[in-house]
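Have a look at the structure below, then the notes.
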Amino acid sequence: MIVDSKLLKALLAAAPKSNARYYPNGIHVASGRLEVTNGHYLIITRDKALYDEECIFTVLGPIPAKAFETLIDFEALTATHTDQHGNKVGIGLVEVIDGTYPDVPKLIEAFSETPTSSVGFNLEYMGIPFKLFKASWVKMILGGDKEMSKLEFKMNSAGCEIEMCVMPMKV
């Protein structure tokens, strides 16, 4: 599986490092999507590449700044980072995480846009599109003050669309 290295780095940064619920501590691969959640937000990428594996994984070790693409090998459990010319610039270990991930299509199907006059969000989560994915714009679709809302944006360097579902908070 080949993933844009900047996208991989952003998803790994968004994934929780330690969580009481062990299953979300990595990136979930499913049906052409990469997903990350911490229980308060859910990030879904729809990449131009189709991923046929279904698993939860993390990459151990840093991703080099020069990395352009990363080849994730689930058999050898390695992540090979290459530059724009295909030259190897680093290698890391892949850890496959045993567990069950939330049913993301079911969550998305249950979403409904709800007009609301006010809703509170954790500002740390609202900064993720710019901070991690370098998004220059965000489309916000409100789900009300008690249900999740959606942020839609694009990671230009990876050429993929990203959807982020965020739970509201009381203010």
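The values are calculated or read from the model by the stated rules, or taken from the named source; none is laboratory data. These numbers come from a predicted model, not from an experiment. In this analysis, Cβ positions are derived from the backbone assuming ideal geometry, glycine residues included, and neighbour counts consider all displayed protein chains. Remember, those area values only see protein heavy atoms, side chains included, never the ligands or the DNA or RNA. Shrake-Rupley method; radii C 1.70, N 1.55, O 1.52, S 1.80 Å.
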* Karplus 3J(HN,Hα) series, Hz, for the stretch 34-46 with 6.51 cos²θ - 1.76 cosθ + 1.60 (x for Gly, Pro) -> 10, 10, 9, 9, 10, x, 9, 9, 9, 10, 10, 10, 10
* To do: Rank by packing, highest mean first: peptides 91-100, 107-116, 3-12, with packing defined as the count of other Cβ atoms within 10 Å averaged across residues.
  => 3-12, 91-100, 107-116
* Using just the helices of the chain, give the 222 nm mean residue ellipticity in deg cm²/dmol: DSSP H runs with n ≥ 4 each add -39,500 (n - 2.57), and the total is spread over all residues, rounded to 500. => -3500 deg cm²/dmol
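Using the structure shown, select from 9/170; 9/146; 17/131 the pairs with a Cα to Cα distance greater than 20 angstrom.
Numbers: 9/170 31 Å; 9/146 31 Å; 17/131 18 Å.
Exceeds cut-off: 9/170; 9/146.
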* At 1.4 Å probe size, with every protein chain present, just tell me what the per residue accessible area of the stretch 50-171 comes to in Å². => 63 Å²
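Using 0.36 nm per residue of separation minus the Cα-Cα distance, give me the extension gain between residue 112 and residue 93 in nm, one decimal.
Full extension of this stretch gives 2.9 nm more.
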* Structure fact -> Cα-only Rg/Rh for the stretch 1-148 with Kirkwood Rh rounds to 0.99
* **Proximal aspartates and glutamates to residue 150, defined as alpha-carbon separation beneath 12 angstrom and excluding residues fewer than eight positions away on the same chain** => 113, 163
* Potential extension, residue 100-residue 139 segment - 0.36 nm per residue separation minus Cα distance -> 11.1 nm
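Carbon and sulfur: what percent of the stretch 38-142's accessible surface (1.4 Å probe)?
On the stretch 38-142, the fraction of accessible area on carbon and sulfur atoms equals 55 percent.
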* Residue with peak Gaussian network fluctuation, the chain [Cα springs, cutoff 10 Å], from 65, 30, 15 -> 65
